[in-house]
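Chemist: The structure follows.
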Amino acid sequence: MAADRTILHCDCNGYYASVECLFRPELREVPMAVCGDPDSRHGIILAKNELAKRYGVVTAETIWQAKRKCPELTLVAPHHDAYSRISKQINEIYGQYTDRVEAFSIDESWLDVTGSLHLFGTGRQIADELRRRIREEIGVTISVGVSFNKVFAKLGSDYKKPDATTEITRENYRDILFPLPVRDMIFIGHRAAETLQKVGVKTIGDLAGTEMEKLTALLGKAGQTMWRYANGLDDAPVLRPDEQEAAKSIGNGITFAHNLETEQDVRAGILALADTVGRRLRRHKVKCTVVQLQIKDPDLKVISRQRSLERPTDLSGEIAREAMELLCEAWPKGKPIRMMSVTGAGLVGEGAAEQLNLFDSGEDRARRGQLEQALDAIEGRFGRGTVRRGSLLNSDIMSDRKRPGEDR
Ligand SMILES: [Mg+2]
């Protein structure tokens, strides 16, 4: 077995509020919160300082709820530019200890320091030094988790706040993490936690001790991932920024209830997949520059094909067209298809790298974009499946499909 990695997860404490206090130190002395729209009772609390926390003010509640707990709460509008700027400075300090710095959000990053231990000391020493430096040089406090994988490092940084280091080792992880609720683990959302609760899985220890097959039956592939995480088997690498870009993709796959054979069925399958991919790209406000297609025949033989696009897209119709062309090139007509996935990769931010294409009128594209957004909105209101697009109307191949696991 390869030697364990040393991974840090660094999390700024009450980040937005801390940054506001940097510019207005007097805010440290009063209970204060950063909120979306300070003038509206319905504005949402985005962050609060330690004093406000003592009154029970919590993130994501409304101003109205927070004011009931703490009438003298000082409200501040957010300054997102400052949050980004200071986040960059903090990550630059992390970058002095390793090139493997993966930002998870504006105020959280993983660092893989395995390769630099001989230069800077143990994981804990590096964590303590980072806490001191960020406090002294930037003026905000961070909590750091140190562990042998990313999931446990993140649980470590959550474990003790503010301004603390928590080490999760192979020796102590059961004692420290197993009593925690499953909801504390990364990627376990409200819904999954509810599902787990129903079968008596309440803590991370419960999760680790449940048969993986049972979890898979309950939650699909995600169940298997959760089981691995709970047992300390997460082996995902800490990605450098260039690797993060390359790894980003949004995809969707289906194992069909019966093999697809006619061109009409295949086309309907691709449209349905491209439809969800496009919808998710738009929801995340990104476009893809690469379309990937994967197909499995009934003997489980797999082919994968991909192509780069002339310009980034988030339109389901364009993704479907590319996927269909890939299919025609790579798959003999009439050969049965058991499983198919369509993925948009090489993601770029909305509007980024968009090039003018002289052969397709921009107006035309805009209109299609508006149409698809409108359909998304309708489905958002009335639920999935309300809108059936194009040739999906006359096909029932999707009706009894297996639910694909959430693949992000
Ligand atoms: Mg934080």
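The values are calculated or read from the model by the stated rules, or taken from the named source; none is laboratory data. Computed from a predicted model, the values in this text were never measured in an experiment. All Cβ positions, even for glycine, are placed from backbone atoms using ideal geometry, and neighbour counts span all protein chains on display. In case anyone asks, the SASA skips ligands and DNA or RNA and just uses the protein heavy atoms, side chains included. Shrake-Rupley method; radii C 1.70, N 1.55, O 1.52, S 1.80 Å.
Chemist: How large is the accessible surface per residue of the stretch 242-343, computed with a 1.4 Å probe and reported in Å² as a whole number? Don't skip to the end; give the middle numbers.
Modeler: Working: 4540 Å² over 102 residues.
Per-residue value: 44 Å².
Chemist: Which value in nm describes the separation of the simple spin-label points at residue 235 and residue 348, placed 7 Å from the Cα toward the beta carbon?
Modeler: 3.5 nm
Chemist: Give the long-range amide H neighbours of residue 309: residues separated by 5 or more places, or on another chain, with amide H under 5 Å away, using H modelled in the peptide plane at 1.01 Å from N.
Modeler: Result for residue 309 returns 290, 291.
Chemist: I'd like the carbon and sulfur percentage of the solvent accessible area for the stretch 1-169, probe radius 1.4 Å, heavy atoms only, ligands and nucleic acids excluded. Walk me through the intermediate numbers first.
Modeler: Values: 4080 of 7830 Å².
The value for the stretch 1-169 is 52 percent carbon and sulfur by accessible area.
Chemist: Per residue of the stretch 137-146, in order, report the coupling 6.51 cos²θ - 1.76 cosθ + 1.60 (Karplus, θ = phi - 60°) as ³J(HN,Hα) in whole Hz, putting x for Gly and Pro.
Modeler: 3J(HN,Hα) across the stretch 137-146, in whole Hz: 8, 9, x, 10, 9, 10, 10, 10, x, 10.
Chemist: Still on this model: Nearest 0.05, what FRET efficiency do residue 129 and residue 186 give at R0 = 25 Å with Cβ-Cβ as r? Spell out each step's value before the answer.
Modeler: On the way: r = 25 Å, r/R0 = 1.00.
The computed FRET efficiency comes out at 0.50.
Chemist: When the accessible area of the stretch 178-230 is split by element with a 1.4 Å probe, what percent falls to carbon and sulfur?
Modeler: Numbers: 1580 of 2920 Å².
Its accessible area is 54 percent carbon and sulfur atoms.
Chemist: Among the lysines in the stretch 23-116, how many pairs, 8 or more places apart or on different chains, have alpha carbons under 18 Å apart? Please list the in-between numbers first.
Modeler: On the way: 48/67; 48/69; 53/67; 53/69.
Lysine pairs satisfying the spacing and distance rule in the stretch 23-116 number 4.
Chemist: If you don't mind, there's one more thing I want to ask. Suppose the Debye formula is applied to equal point scatterers at every Cα of the stretch 59-198; what is log10 I(q)/I(0) at q = 0.11, 0.14 Å⁻¹?
Modeler: Result of the Debye calculation: -0.53, -0.81.
Chemist: OK, next. Going by amide H atoms built from the backbone, whose H comes under 5 Å of the H on residue 141, apart from near neighbours?
Modeler: 13
Chemist: A further question follows. Taking only protein heavy atoms into account and a 1.4 Å probe, give the accessible area per residue of the stretch 178-230 in Å².
Modeler: Details: 2920 Å² over 53 residues.
I get 55 Å² per residue for this part.
Chemist: Further, regarding this structure: Would you mind getting the accessible area per residue of the stretch 1-169, heavy atoms of the protein chains only, 1.4 Å probe, in Å²? Kindly include the intermediate steps, with their values, before the conclusion.
Modeler: Values: 7830 Å² over 169 residues.
That works out to 46 Å² for each residue.
Chemist: Right, next: For the stretch 175-183, what does the Karplus curve 6.51 cos²θ - 1.76 cosθ + 1.60, with θ = phi - 60°, yield as ³J(HN,Hα) per residue in whole Hz, taken in order and with x for Gly and Pro?
Modeler: 4, 7, 8, 4, x, 6, x, 4, 4
Chemist: Work out how much length residue 330 to residue 170 would gain on full extension: take 0.36 nm times their residue separation and subtract the Cα-Cα distance, in nm to one decimal.
Modeler: On the way: separation 160, 0.36 × 160 = 57.60 nm, distance 4.69 nm.
Full extension from residue 330 to residue 170 adds 52.9 nm.
Chemist: Out of 197, 225, 241, whose Cα points farthest toward the positive end of the dipole of the stretch 161-253 (charges: +1 Lys, Arg; -1 Asp, Glu; placed on Cβ)?
Modeler: Highest projection toward the positive end goes to 197.
Chemist: Mind giving me the nanometre distance, one decimal, between the label points for residue 259 and residue 26, set 7 Å out from Cα along Cα→Cβ?
Modeler: 7.7 nm
Chemist: Sticking with this one: Work out the length of the dipole vector of the stretch 1-169 about its Cα centre, built from +1 on the beta-carbon of each Lys and Arg and -1 on the beta-carbon of each Asp and Glu, and round it to the nearest 20 debye. Don't skip to the answer; put the middle values down first.
Modeler: On the way: 22 positive and 24 negative charges, 86 e Å.
Roughly 420 debye, rounded to the nearest 20.
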